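Here the structure comes first, spelled out in structure tokens, and everything after it is commentary.
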Amino acid sequence: MLVLILALGTICRAQVPYFQHYNLLKKNEPVQVNAIFQDRTGYMWFGTSKGLFKFDGAVFTQYTLKDSLPDNNVTAINSDSLGRIWTGHKGGQLAYMENGIFKKFNPPEGDATQEISDILFDRRGVLWFSTLNDGLYYYRKGRLYRLDDSEGMPDLYVYDIVEDPIGNIWAGTDGGVAICTLSDSTVSIKTLNYNSGLPDNIVKKFSLDKDGRIWMATEDAGIIQYDSASSGYKKLFANKLNFGVISDFLIYGDQVWIAYPQSGLVVYNRKTKEVKEYAAKVDPGFGSVQILASDREANIWTGSKTDIMRTQGDHLEFIAMQNLLTDVNIVALTIDNQGETWFSTAEGLFRRHVGTSGKVSIVRPLAKSAFQKYSVISLYTDSYGYVWAGLYGEGVVRINPVTGVIFHFNKELRNGNTLSVSGKDDVVWLATLGGGTRIDISDNKLKIRNFTSEDGLISDYIYQIFIDSQDRVWFATDGRGVDMMDETGFHHYQEGLSSRVVYGFAEDNNHYIWVNVQGDGLYQFADEKFRPFDPGGKRLRDNNIGVFTFTPSGKLFIMHDLGIDIYNIKTNQVEFHGEESGIMDMKSNLNALTKDQSGQIYVGTDKGIIKYADFPF
């Protein structure tokens, strides 16, 4: 019976996405960030207590009173149909940038008397802006109009405004929601409040989901969606999350990112109902976020009382092991049917368990067994949930994760160096230095058959074995190209390959086979020969590839020494993830890659595990 030993001192936080911090001023001088906006050319703009900042991806440019801003305290940003940047200010003024100079907005009716909380240009080009305690304004045909309680506004304290899919302007106030419909120059207002069933009258933020539905963040009742068809309300959470008052929230695909200034950032998945917390005690920056925004590259930006942070979200996460293990070089990994991560280092085999509270513990599955000192160089979870651990020189063990029972195969194999374990349905394949081994696992009496050069293989040195969607079996060899086995036997392919050393395989959504060639990147197999991968003239940054695969949406995931390249075949675009994504000098180990049941990708590197999932858009 297998004995499981919990390592002492292994409690730590779960994985966290990489957040890049930006300081707007020299000497790390704190700046309160009030507004974040991306213009149509891609530049990011930040409204702060110390002016307006423009970011081109490398350099911040500051605009202040000396650049004709009417007030250094910028509280709102937007742009008009001409692409001009508009700013709203704490003193109630508005300005717009023209030819690099800011010009104050001077309507005949005068400025607002209180802080500008938001700016919006509706689909007709009408300018709207909200204030904190001076009502809601709109500017049409050269005239400025003010909406207050005499026009039906539920309150003059207006926190946020948004346009719905049919052109109505929603305003969140201390007295509920004002839904404003503009006809010619007159506005009719419908109010949502306690009387209409709104759980909380104080509405501070709006966000639209991909279907155009409006969600609102309230003071005490959390996040709510209003259904105009039924005139009913739907809460985002069945039970209120006890993280405090919400300062901002963002709909990001199936996820909702929520800023709680007292607690930190919370990410809620509307599809899986999963809740992740990035607590202030982990990073103080999480506990002071006031503003959330996303850009067209699917980055999430946060603004706080001190600085700015940027993250690409939890589709790219880092599972660090530095505080758990001496050796963090992940040689192999797999995800079992319970969603737990099994991985190996020079210290042995480990299983990572994440509790309901988010705390992490590490288990040594081979502790106090006859195999505890063996080197595990490959891992795989079969269709029955058993974990296979390929050993260096000692064959392979099959582990029952529930009972801990171990079966050892060595003498039955032609060679005990198991470089890779793979499989499909009731078949498991071992790639070894002495050929390939097929193991049928449909009953308790496992059937084992070895395939070597004597059986038709072109080489006995096999890096990886891959079963494709047509049940053909592909063999990656060291120096002899590729073999494929089907019902008629073995077939050898090497035409078109620049090198005959092939490390591994993947299959795309169109059922083409791809191979990783030593020192020369990827090749695609078509018409009985290989052709080099040319991503629309966009070269990969490095052709020495450690791991590659395809995401569920059909994107090509590649990791090399310079980081990660994601190639979208449909759009012919390549995303680069390197130092700016937190991947600094992280090198993947050859074929150290696995996927979980939802298609998320896990890569073993010399500094821990990288987890990747497709963008939510």
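The values are calculated or read from the model by the stated rules, or taken from the named source; none is laboratory data. Worth saying up front: this structure is predicted, and the values here are computed from it rather than measured. Reconstructed Cβ throughout: ideal geometry from the backbone, glycine too, with neighbour counts over all protein chains shown. Each accessible area value is taken on the protein alone, full model and side chains, heavy atoms only, with ligands, DNA and RNA left out. Shrake-Rupley method; radii C 1.70, N 1.55, O 1.52, S 1.80 Å.
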Strands (runs of 3 or more DSSP E) (entirely within the stretch 402-492) containing at least 1 residues that are hydrophobic (A, V, I, L, M, F, W, C) and in contact with a His (Cβ under 7 Å, 6 or more places away or on another chain)
482-486
Pick out, from the stretch 299-389, the strands (runs of 3 or more DSSP E) lying fully within it that include 1 or more residues that are open to solvent by 10 Å² or more (accessible area, probe 1.4 Å) and free of Cβ contacts under 8 Å to residues at least 60 places away in the same chain.
348-354, 376-381
Please verify whether the stretch 44-54 includes one or more residues that are closer than 23 Å to GLY285 by Cβ and surrounded by fewer than 15 Cβ atoms within 10 Å (Cβ to Cβ).
no
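Is it fair to say ASP248 is touching a strand residue (DSSP E or B) at 6+ places or on another chain (Cβ under 8 Å), surrounded by 15 or more Cβ atoms within 10 Å (Cβ to Cβ) and more than 30 Å from TRP170 (Cα to Cα)?
Considered against the rule, which asks whether it is touching a strand residue (DSSP E or B) at 6+ places or on another chain (Cβ under 8 Å), surrounded by 15 or more Cβ atoms within 10 Å (Cβ to Cβ) and more than 30 Å from TRP170 (Cα to Cα), ASP248 comes out as no.
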If a residue has to be open to solvent by 80 Å² or more (accessible area, probe 1.4 Å) and assigned to a loop (DSSP other than H, G, I, E, B) to count, how many in the stretch 141-156 make the cut?
1
The stretch 169-187, residues that are open to solvent by 20 Å² or more (accessible area, probe 1.4 Å) and free of Cβ contacts under 8 Å to residues at least 24 places away in the same chain:
THR181, SER183, ASP184, THR186
Residue count, the stretch 530-553, condition assigned to a strand (DSSP E or B) and not hydroxyl-bearing (Ser, Thr, Tyr), comes to 8
ALA95 vs. criteria over 38 Å from the mean Cα position of the chain (by Cα), at pLDDT 95 or above and open to solvent by less than 20 Å² (accessible area, probe 1.4 Å)
no
Only residues that are among the hydrophobic types (A, V, I, L, M, F, W, C) and within 18 Å of MET321 (Cβ to Cβ): list them for the stretch 360-376, please.
VAL360, ILE362, VAL363, LEU366, ALA367, VAL376
Strands (runs of 3 or more DSSP E) completely within the stretch 1-68 that count 2 or more residues being at pLDDT 95 or above
33-38, 44-48, 51-55, 60-63
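Taking ASN78 as the residue in question, decide whether it is in a loop (DSSP other than H, G, I, E, B) and either of a type in the set (S, T, N, Q) or open to solvent by 40 Å² or more (accessible area, probe 1.4 Å) (or both). Before you say what the answer is, go through the steps one by one.
Details: in a loop (DSSP other than H, G, I, E, B): no; either of a type in the set (S, T, N, Q) or open to solvent by 40 Å² or more (accessible area, probe 1.4 Å) (or both): yes.
No, not satisfied.
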In the stretch 160-260, which strands (runs of 3 or more DSSP E) lie fully inside it and hold 2 or more residues that are over 28 Å from GLU277 (Cβ atoms) and either of a type outside the set (Val, Ile, Thr) or modelled with pLDDT under 95 (or both)?
169-173, 176-183, 186-192
Taking the stretch 577-590 and keeping only residues that are open to solvent by less than 50 Å² (accessible area, probe 1.4 Å) and farther than 19 Å from THR311 by Cα, one is left with SER588, ASN589
Quick one: how many residues across the stretch 406-442 are open to solvent by 10 Å² or more (accessible area, probe 1.4 Å), over 33 Å from the mean Cα position of the chain (by Cα) and on the phi > 0 side of the Ramachandran plot?
0
